[in-house]
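The block underneath contains the structure these notes are about, expressed in structure tokens.
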Amino acid sequence: MVLYRKYSTKAVAHTIKTYSEFTIPYPYPVAQSVEAANGMEYPMICFNYGRTEKDGTYSEGIKNGMLGVVIHEVGHNFFPMIINSDERQWTWMDEGLNTFVEYLTEERWDNKFPSKRGPAWTIVDYMKLPKDQLEPIMTNSENIVQFGPNAYSKPATGLNILRETIMGRELFDKAFKTYAKRWAFKHPEPADFFRTMEDASGEDLDWFWRGWFYGTDPVDIAIDKVTIATPDLNTPPREAKEIKYKVDKPAVNDFEDISKIRNREDKNITFYVDKDKETQDFYYRYDRGQEKVDNNKEYTSKFEGTEPLTQKEKDKFKDLTAYQIDFVNKGGLVMPIILEFTFEDGTKLTDKSSAQIWRMNEQKVSKTYYFDKKLKSIQLDPMRETADIDTSNNFWSNDGGTSQASKFELFKQKEGGNTRGASNGKVNPMQAAGKK
Ligand SMILES: [Zn+2]
């Protein structure tokens, strides 16, 4: 009994304290943990395993298992008993949310605690399974085949990814606490959780709920190709050139659609510009053929060239290298792109693009970086925080500096070129007609 007696009550106290911090203060007078053969939760009392050998020794596995089960079963007071979801309909709202806070609690018990449910890399083996062996988290409890990974680990891991990688701890914790406060002693459904996490944080997380909770796609982002380019310091300046053009015709639609016709025929509609004479400018008349300009006359416009680079500018850009990195989304689920750059001088740099980088194209995306020192290698997701199922395509190296660089042209614009869009330098019809 030395194991249970030594740790159980302390683990109960730590659980109540930690859960109260992440959700709402524990509202009941007691919390009890009774030694038993397995783990099972009831309001204010639970039964947990953790027996020593006959000689009083025990394995580390039994010790950590006992701590985990005490935290978990005491934690059920919060999910699903206080924040009272329907566990028979949505197991993940009960076991998943509880496993997530269990994970946070274990991590605060001992920095060396070997948590198996929560870290992104621990879900990879499950996410790798063939699609016919997976169901979305949003599956009714009775139809789930792999109960443990589906209802416990995957939701807990998803929340941890949201917390550590997507939203950040501060924003996530605030939103999660808001969910607990808002739904304590009430009956939340999945949409209540999704909605609260979004409106309490101000983040659009629809893409995440859709991928992680409603889908079975894994994360597998790959570095497809890296294209290297250095500036061509001897790019000849672009020469000025002239182009011919004619003045703009009236800006009216070619085809008069039904709405325009009906508006005109409707006796209840009067058009503002017809009522208010002050709005009837040159173009009011131009559009109605009352002002004429010669639309066949040719004008000439000059395009400015560029200036040659000075030696100082050449020196500034001589070590510049551009790296265009092409990524492909092989898994289907989008995630932030986290890159660790290692330079030839041994220094490192980390850069993170949010998952919104995929919003225009979920299959492939490119990003270009400019560095003034040479890159040795690129590691995608160095901390294994996105649950990427194939890390063999997450690395690129410059093969000892033999990668071929192409050249990109470098131009210097002339001073004082642009003027707030007011004029593009071309003659407009008012000018052509000599009117103001
Ligand atoms: Zn449970």
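The values are calculated or read from the model by the stated rules, or taken from the named source; none is laboratory data. This structure is a prediction, so every number in the text was calculated from the model and none was measured. Reconstructed Cβ throughout: ideal geometry from the backbone, glycine too, with neighbour counts over all protein chains shown. These area figures cover heavy atoms from the full protein model, side chains too; ligands, DNA and RNA do not enter into them. Shrake-Rupley method; radii C 1.70, N 1.55, O 1.52, S 1.80 Å.
Of L67, L349, L309, which has the most accessible area with a 1.4 Å probe, and how do the rest follow in descending order?
Values: L67 0, L349 75, L309 35 Å².
Ranked from most to least accessible, the order is L349, L309, L67.
Within region 109-125, list the residues whose amide N lies under 17 Å from a label point set 7 Å along Cα→Cβ of E21.
109-113
Quick check: with the 1.4 Å probe, what order do T300, T23 take by accessible area, largest first?
Largest accessible area first, the residues go T300, T23.
Kindly sort V34, V69 by accessible area of their heavy atoms, largest first, with the probe set to 1.4 Å. Write down the numbers at each step before the final one.
Details: V34 55, V69 20 Å².
Result of the area sort, largest leading: V34, V69.
Quick check on region 297-436: take the gyration tensor over C-alpha atoms, sort the square-rooted eigenvalues as a ≥ b ≥ c, and tell me if it's rounded (a/c under 1.5), prolate or oblate. Show your work: numbers first, answer last.
On the way: a/c = 3.60, a/b = 1.81, b/c = 1.99.
Oblate is the answer for region 297-436, as a/c is 1.5 or above yet b/c matches or exceeds a/b.
Around K128, which amide H atoms from residues at least 5 apart in sequence, or from another chain, sit under 5 Å from its own amide H, with H modelled in the peptide plane?
Close amide H contacts, sequence-distant or interchain: none at all.
Counting only residues 5 or more places away or on other chains, whose amide H sits under 5 Å from the amide H of F408 once H atoms are built in the peptide plane?
T230, D232
Would you kindly find the accessible area of R238, with a 1.4 Å probe and non-protein molecules such as ligands, DNA and RNA excluded, rounding to the nearest 10 Å²?
140
Binning at 10 Å from 0, report for the chain what percent of all alpha-carbon pair distances ends up in each bin.
Calculated P(r), rounded to whole percents: 4, 15, 18, 15, 14, 14, 11, 6, 3, 1, 0.
Between F193, F271, F327, where does the largest GNM mean-square fluctuation fall for the chain, given springs only between Cα atoms within less than 10 Å?
F271
Testing the spin-label approximation: label points 7 Å from Cα along Cα→Cβ at S397 and A251. State their distance in nm.
Modelled inter-label distance: 5.8 nm.
Please compare each pair in K314/K376; K112/K177; K128/K174; K314/K414 to a cut-off of 28 Å on the Cα-Cα distance and tell me which ones are over it.
Working: K314/K376 24 Å; K112/K177 26 Å; K128/K174 32 Å; K314/K414 16 Å.
Pairs exceeding 28 Å: K128/K174.
Angle check, please: helix 190-201 long axis (alpha carbons) against the longest principal axis of the chain (alpha carbons), in degrees 0 to 90, nearest 10.
Its long axis makes an angle of about 60 degrees.
Hey, what angle do you get for helix 169-183 against the long axis of the chain, alpha-carbon based, 0 to 90 degrees rounded to 10?
Helix 169-183 and the main axis of the chain meet at about 70 degrees.
Go ahead and run the numbers for FRET between D199 and E313, Cβ-Cβ distance against an R0 of 35 Å, rounding to 0.05.
On the way: r = 50 Å, r/R0 = 1.43.
Taking R0 as 35 Å, the efficiency between D199 and E313 is 0.10.
Going by alpha carbons, how many degrees (0 to 90, nearest 10) lie between the helix axis of 60-75 and the longest principal axis of the chain?
Between helix and principal axis, roughly 70 degrees.
What whole number of Å gives the distance from the Cα centroid of region 209-232 to the Cα centroid of region 344-384?
10
Sticking with the crude label model, points 7 Å out along Cα→Cβ, report the distance from A322 to I261 in nm, one decimal please.
About 5.1 nm separates the two model spin labels.
Over all distinct alpha-carbon pairs, what is the Kirkwood Rh of region 268-361 in angstrom?
Details: mean 1/r = 0.0462 Å⁻¹.
Across region 268-361, the inverse of the average 1/r is 21.6 Å.
What distance in nm separates the simple spin-label points at M383 and K435, each placed 7 Å from Cα in the Cβ direction?
If labels sit at M383 and K435, their model points lie 6.5 nm apart.
Let me have the 222 nm mean residue ellipticity of the chain computed from DSSP H runs of 4+ only, each contributing -39500 (n - 2.57), with the sum over all residues rounded to the nearest 500. Numbers along the way, then the final one.
Values: 12 runs with 119 residues, N = 436.
Mean residue ellipticity, 222 nm, calculated: -8000 deg cm²/dmol.
Ranked from highest to lowest mean number of other Cβ atoms within 10 Å per residue, what is the order of the peptides 37-50, 243-256? Intermediate values should be presented prior to the final figure.
Values: 37-50: 16.6, 243-256: 10.5.
Order by mean packing, descending: 37-50, 243-256.
If I ignore ligands, DNA and RNA and count only protein heavy atoms, how much of Y7 is accessible to a 1.4 Å probe, in Å² to the nearest 10?
Spelled out: Y7, probe radius 1.4 Å, area about 40 Å².
Can you tell me the FRET efficiency between N268 and A240 if r is taken as the Cβ-Cβ distance and R0 is 60 Å, rounded to the nearest 0.05? Kindly include the intermediate steps, with their values, before the conclusion.
On the way: r = 56 Å, r/R0 = 0.94.
It comes out at approximately 0.60.
Keeping all protein chains in the complex and leaving out DNA, RNA and ligands, what accessible area do you get for T18 with a 1.4 Å probe, in Å² to the nearest 10?
Accessible surface of T18 is approximately 10 Å².
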